[in-house]
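Engineer: Below is one structure. I have some questions about it.
The values are calculated or read from the model by the stated rules, or taken from the named source; none is laboratory data. Everything numeric here is computed off the predicted structure, so don't read it as measured data. Cβ sites come from the backbone with ideal geometry, for glycine too, and all protein chains shown count toward neighbours.
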Amino acid sequence: MHRRMIATALGMFLVYACAKPAQTESQASPTAGATTDPGTTSSGRLPHPQDAGTVAPPATELQFGDPLPGLTAAERGSFDDGKVHFATAEEVDEGLGPVFNEASCVACHTGPAVGGSTGRLETRFGRLGADGGFDPLIAEGGSLLQDHGIGAVDGFSFGPEAVPADANVVAQRRTTPLFGLGLVDATPDETIRALAARQARSTPEVAGTVAMVPNLVLGQDSVGKFGWKNGNPSLLQFSADAYLNEMGITSPLFPNENCPQGRCDNLNFNPMPGLNDADGADVLAFANFMMFLAPPPRAPQTAQTDAGAQVFNAIGCATCHTPTLVTGPNAVKALDGVEYHPYSDFLLHDMGSLGDGIVQGAAGARQMRTAPLWGLRVASSLLHDGRAETPVQAILAHDGQGRRARECFKTLNSRDREALLAFLDSL
């Protein structure tokens, strides 16, 4: 099983170069009727553009926001219960705040279905010193700004935070879609490490870095996979982190409130000073919803999208945007040894000027996690700060270790460029 996972994750990709992909004329233009079904395959695997002829009946086609296929009744119940929690707005008497960003998960994570992204931007800030060191300005409420407050409570008013005057680094972060993250969570750490090792050997100029971050459940460092900077190693910790930092609700993994604008004395007026989600049940419900949330369904594939996939490989995109990974052994059958297609290596890469300037966890100022491309076709904005409205704009903004792929893209003829964009629009 281990060899299979590594071979699937690491194999098959073209050498990183601006090589013109081999194509026939039929591969470079759409062919009427040459499509494959975006649903699950007859073998139970999730769909891939090369799975022509192995399609599921229409009744089993996945839609955005659906649960994973093959869940047991109990697992489906956990998904449904978690979805209710995910959509429920918290109240002040339940622990919301005293500073927060939104009152529910769904306020940021919907579109085109619950679990997606609204494109909402959040603010991070800090200070870059003359010596090159980064200060997240924790004493002034950093690095994450909470832009809501619960208002007046017993004569004291909690207002939204503001970027402090001494911050000279300010970054916007777009909320990310959550589709398919259970598959990512179920991918062994050694698979991600092996990807980094292969890149270091074969394409050292674009090799990614494994983010080793504290795993609060295991009490040791694990591979970070979640968030723009790979700050969390598991969906459970990712959920607890967001519950505190986005809604201000404490739980066993994150028991300490954020001090509003860094002023910890203000917490003396916090109307709910105890552990808010005392048994962690809400955090577990959020994690269960994400664990059982299906990946984005693919659009129908054509000869042109197949040709575009070849271009994608040939110009080096697949080096970081790894098309295929495989989950490890798992007690949940729907997550056990499943091949899936996130188009990400879940590694940190130096993106040069495209980095956000924030040092966070294991990630440096210019490092960002490779953004998964699945679901790209429904994204309303792209890149970490939402600056790009189209895939072309996103590609042309690539810098640092992504610069060569950008330059290769610029050299494409119109036919290959159109094929590549058709492929991206099918993800």
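Engineer: For the range 186-206, name all the residues that are free of Cβ contacts under 8 Å to residues at least 12 places away in the same chain and closer than 29 Å to GLU122 by Cα.
Structural biologist: The answer is none; no residue qualifies.
Engineer: Which of the following residues is surrounded by 18 or more Cβ atoms within 10 Å (Cβ to Cβ), in contact (Cβ under 8 Å) with a residue 60 or more places away in the chain and within 24 Å of MET247 (Cα to Cα): GLN146, GLN172?
Structural biologist: After applying the criteria, what remains is GLN146.
Engineer: With (1) touching a helix residue (DSSP H, G or I) at 6+ places or on another chain (Cβ under 9 Å); (2) on the phi > 0 side of the Ramachandran plot; (3) not polar (S, T, N, Q) as the list, and PHE292 as the residue in question, which single condition is left unmet?
Structural biologist: (2)
Engineer: In the list GLU205, GLU190, which residue meets the criterion of being under 30 Å from GLU407 (Cα atoms), of a type in the set (Asp, Glu) and either in contact with a helix residue (DSSP H, G or I) (Cβ under 6 Å, 6 or more places away or on another chain) or not in a strand (DSSP E or B) (or both)?
Structural biologist: Selected residue: GLU205, the only one of GLU205, GLU190 that is under 30 Å from GLU407 (Cα atoms), of a type in the set (Asp, Glu) and either in contact with a helix residue (DSSP H, G or I) (Cβ under 6 Å, 6 or more places away or on another chain) or not in a strand (DSSP E or B) (or both).
Engineer: Another question, if that's okay. Six or more apart or on different chains, Cβ under 6 Å: which pairs go from a residue in the range 353-372 that's more than 14 Å from GLN172 (Cα to Cα) to one that's among the hydroxyl-bearing types (Ser, Thr, Tyr)? Could you list them?
Structural biologist: Pairs found: THR370/SER344; PRO372/TYR343; PRO372/SER344.
Engineer: Does GLY65 satisfy being small (Gly, Ala, Ser) and at pLDDT below 95?
Structural biologist: Considered against the rule, which asks whether it is small (Gly, Ala, Ser) and at pLDDT below 95, GLY65 comes out as no.
Engineer: ASP399 passes all but one of (1) in contact with a Leu (Cβ under 8 Å, 6 or more places away or on another chain); (2) within 23 Å of ALA303 (Cβ to Cβ); which number fails?
Structural biologist: Every listed condition holds for ASP399 apart from (2).
Here's the yes/no breakdown for (1) of a type in the set (Gly, Ala, Ser); (2) at pLDDT 95 or above; (3) in the same structural domain as PRO98 (by TED's automatic domain parsing):
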{"site": "ALA278", "(1), (2), (3)": "yes, yes, yes"}
{"site": "ASP282", "(1), (2), (3)": "no, yes, yes"}
{"site": "GLN304", "(1), (2), (3)": "no, yes, no"}
{"site": "VAL311", "(1), (2), (3)": "no, yes, no"}
{"site": "GLY316", "(1), (2), (3)": "yes, yes, no"}
{"site": "HIS321", "(1), (2), (3)": "no, yes, no"}
{"site": "GLY337", "(1), (2), (3)": "yes, yes, no"}
{"site": "HIS341", "(1), (2), (3)": "no, yes, no"}
{"site": "GLY352", "(1), (2), (3)": "yes, yes, no"}
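Engineer: Can you tell me which of (1) outside any strand (DSSP E or B); (2) surrounded by fewer than 20 Cβ atoms within 10 Å (Cβ to Cβ); (3) touching a residue at least 12 places away in the same chain (Cβ under 8 Å); (4) not basic (Lys, Arg) is the one LEU183 doesn't meet?
Structural biologist: Looking at each condition in turn, LEU183 falls short on (2).
Engineer: Just the residues that are aromatic (Phe, Trp, Tyr) and under 21 Å from the mean Cα position of the chain (by Cα), please, taken from the range 386-427.
Structural biologist: Listed by number, the list holds a single entry, PHE423.
Engineer: Does the range 415-423 contain any residue that is touching a Phe, Trp or Tyr at 6+ places or on another chain (Cβ under 7 Å), in contact (Cβ under 8 Å) with a residue 40 or more places away in the chain and either of a type in the set (Ser, Thr, Tyr) or within 17 Å of CYS317 (Cα to Cα) (or both)?
Structural biologist: yes
Engineer: I'm told TYR16 meets every condition in (1) modelled with pLDDT of 95 or more; (2) surrounded by 20 or more Cβ atoms within 10 Å (Cβ to Cβ); (3) closer than 30 Å to LYS410 by Cβ except one. Can you identify the failing condition by its number?
Structural biologist: Looking at each condition in turn, TYR16 falls short on (1).
Engineer: Are any residues in the range 215-254 surrounded by fewer than 24 Cβ atoms within 10 Å (Cβ to Cβ), touching a strand residue (DSSP E or B) at 6+ places or on another chain (Cβ under 6 Å) and assigned to a strand (DSSP E or B), and if so, which ones?
Structural biologist: Hits for the range 215-254 are ASN215, ASP221, SER222.
Engineer: Okay, next question. Out of the range 393-414, which residues are free of Cβ contacts under 8 Å to residues at least 24 places away in the same chain and of a type outside the set (Gly, Ala, Ser)?
Structural biologist: Result: GLN393, ILE395, LEU396, ARG406, LYS410, ASN413.
Engineer: Give me the pairs: first residue in the range 80-92 and under 18 Å from SER117 (Cβ atoms), second residue β-branched (Val, Ile, Thr) and surrounded by fewer than 21 Cβ atoms within 10 Å (Cβ to Cβ), beta-carbon distance under 8 Å, and six or more apart or on different chains, which are they?
Structural biologist: Once the first residue is under 18 Å from SER117 (Cβ atoms) and sits in the range 80-92, its partners that are β-branched (Val, Ile, Thr) and surrounded by fewer than 21 Cβ atoms within 10 Å (Cβ to Cβ) give LYS83/VAL114; PHE86/VAL106; PHE86/VAL114; ALA87/VAL106; ALA87/VAL114.
Engineer: Here are some conditions: (1) touching a residue at least 12 places away in the same chain (Cβ under 8 Å); (2) assigned to a strand (DSSP E or B); (3) over 25 Å from ARG366 (Cβ atoms). SER157 meets all but one. Which one does it not meet?
Structural biologist: All conditions are met except number (1).
Engineer: Continuing with this model, one more query. Just name the residue that is modelled with the lowest pLDDT out of those in the range 358-401 that are closer than 20 Å to CYS108 by Cβ, among the polar types (S, T, N, Q) and assigned to a loop (DSSP other than H, G, I, E, B).
Structural biologist: Top of the filtered list is SER380.
Engineer: Looking only at the range 149-169, which residues are surrounded by fewer than 17 Cβ atoms within 10 Å (Cβ to Cβ), among the small types (Gly, Ala, Ser), at pLDDT 95 or above and over 15 Å from ARG124 (Cα atoms)?
Structural biologist: GLY151, ALA152, SER157, GLY159, listed by residue number.
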